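The values are calculated or read from the model by the stated rules, or taken from the named source; none is laboratory data. Fair warning: this is a prediction, and the values are worked out from it, not measured in the lab. Glycine also receives a Cβ, built like all others from the backbone with ideal geometry; neighbour counts cover every protein chain displayed. Only protein heavy atoms, including side chains, enter the accessible area calculation; ligands, DNA and RNA are left aside. Shrake-Rupley method; radii C 1.70, N 1.55, O 1.52, S 1.80 Å.
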Amino acid sequence: MSFAGLAAALLFAIALGYAAFSPARSLAQVAAAPIPTVAQDAHYVGSAACQSCHQEIYARWSKTRMANVVRDPKQHPDAIIPDLSKPDPLVTFTAKDIAFVYGSVWKQRYFHKVGDDYYPYPIQWDVTNRKWAPYHVPDQGGDWWAKFYPDPKGDNSGRPTGPLCDGCHSVDYNIKTKTVAEWNVGCEACHGPGSAHAAHPAQVSVVNPAKQDYVSASDTCIRCHSQGQPLSNPIAGKYYDWPVGYRAGLKLADFWKLEDHKLGELTFTHFPDGTAHKNRMQGNDFVQSLMYARGVTCFSCHDPHGTDNQAMLRKPIGEVCLTCHSAGGRNGPRAATIEAHTHHAAGSPGDQCVACHMPKIEQTLGKVNVASHTFHFVTPTQTDKLGIPNACNACHTDKTTAWAAAAIATWTDRSPWRMTQ
């Protein structure tokens, strides 16, 4: 058979295959359809089922905050950070009253069970400052959901964690039975139900965000690292603060909308330019960034399976940006050296990319802030005009915005118009 004949036969066979797959669909429709990455009838089997084949990854993941965000102190007595034996007027419970401990880095909260749901105690431990602080969202002027869960006693007894927290602290939270396949951010939170893959290990039998387009890939993280609401709120009479119905491999925008913001307004969630005002808004920030528009994903920088670096970065914080950026490189910065770009001495805090492009201006607890993820450089002038904190004065706390503006005005490698916006 000639090459042309072989090619024609191959095309005919492909066409027959497509027709057999779905006679009512055209070849164009089939070609445009997404390739399934997990069996539709697959069910959740738990992270332990992944360990035998993925031992190294499982070992790293098991040590991460993702794997330990919610812990039962009866199984893990070391989970409780503060010494509850020391009296404090805010503390009205004992260790035996705690069903779950939540968090370990910036703050720690404590859940107790009432009926078939969990409720947070109205205090939290400030890990950074090692002190107790009240924890209660006001009915008005705070999180959007507070008015739908009024709490007149101020003790969080009107605030169940099921609709407000647990969908992001577990795998497959069932809103009808209030049960989970697994507590914490297990393997299947990002890879989807794993029964088919466990039975027949293959790339096509499980979701792999690394193989997805940049939007779907980042959706895996943005589902929980963002402020927003389900599209269909309320659901069965309750308001949820997480994307009910979404699972890895689906389109997040079909289930979740990010918190609205009007430019120029300072709100509970946003600064006037749209930068996040508080923690758990990395996704709200990131989708505005040029990084996201260019196809960078959350796990281009972070390894959700865990590393020894800060924030599970793939490289140390001073190196991760240099993976793609270099002095005089295609992606910038446009300077002979990194120091010439930062105008700070090599090795100093101000010489790190994140110091200016990811300033810690988003509140998590009191005066403890986390890094922004828009990667915008906020100028001192924007602080004066819009009240958005800038990186210069975040470090040089003894200086004024006028001093900072005058300093960067001397940087001849920058647009003078950009620096005075």
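Taking a cut-off of 18 Å between Cα atoms, list the aspartates and glutamates near LYS176, but don't count ones fewer than 8 places away on the same chain.
The reachable aspartates and glutamates, counting only those whose Cα sits under 18 Å from LYS176, are ASP116, ASP117, ASP166, ASP241.
Quantify how much of the Cα-Cα distance distribution of the chain extends past 43 Å, in percent.
It works out to 22 percent of all Cα pairs.
If you stretched the chain out fully between ALA346 and THR420, how much longer would it get, using 0.36 nm times the residue separation minus the C-alpha to C-alpha distance?
Extra length from ALA346 to THR420 when fully extended: 24.0 nm.
How would you classify the stretch 274-399 from its alpha-carbon gyration tensor, with a ≥ b ≥ c the square roots of the eigenvalues: rounded for a/c under 1.5, else prolate if a/b is greater than b/c, otherwise oblate?
Rounded.
Compute the Cα gyration tensor for the stretch 338-416, then decide on rounded, prolate or oblate, letting a ≥ b ≥ c be the square roots of its eigenvalues: rounded whenever a/c is under 1.5, prolate when a/b is larger than b/c in the other cases, and oblate in all that remain.
oblate
Along the charge dipole of the chain, Cβ charges K/R +1 and D/E -1, which of GLY328, SER52, VAL180 sits furthest on the positive end?
After comparing all options, I get GLY328.
Give me the number: length gained by fully extending ILE81 to ALA59, i.e. 0.36 nm times residue separation minus the C-alpha to C-alpha distance, one decimal in nm.
Working it through step by step, the gained length comes to 5.6 nm.
Taking a threshold of 19 Å on the Cα-Cα distance, which of the pairs LYS74/LYS113; LYS113/LYS147; LYS153/LYS278 fall above it?
LYS113/LYS147; LYS153/LYS278
With a 1.4 Å probe and every protein chain left in place, work out the accessible area per residue of the chain in Å², rounded to a whole number.
On a per-residue basis, the chain sits at 54 Å².
Label HIS112 and THR412 with points 7 Å out from Cα along Cα→Cβ: what is the distance between them in nm?
6.8 nm
Once Lys and Arg get +1 and Asp and Glu get -1 on their Cβ, which of ILE81, GLY350, VAL207 lies farthest toward the positive end of the dipole of the chain?
GLY350
Explain nothing, just the number: dipole magnitude of the chain about its Cα centre with +1 on each Lys and Arg Cβ and -1 on each Asp and Glu Cβ, in debye rounded to the nearest 20.
180 debye
Which of ALA293, ALA199, ALA311 moves most in a GNM of the chain, Cα contacts under 10 Å?
Maximum among the listed residues: ALA199.
Hey, got a sec? Which trypsin sites (Lys or Arg not before Pro) in the stretch 227-286 land in a DSSP loop and have at most 15 other Cβ atoms within 10 Å?
Here the trypsin sites (Lys or Arg not before Pro) that fit, given the DSSP loop and packing criteria, are LYS251, LYS262.
Provide the FRET efficiency to the nearest 0.05 for the ALA336-LYS178 pair, computing r from the beta carbons and using R0 = 35 Å.
0.05
What's the magnitude of the charge dipole for the stretch 216-281 around its Cα centre, counting Lys and Arg as +1 and Asp and Glu as -1 at the beta-carbon? Answer in Debye, nearest 20.
240 debye
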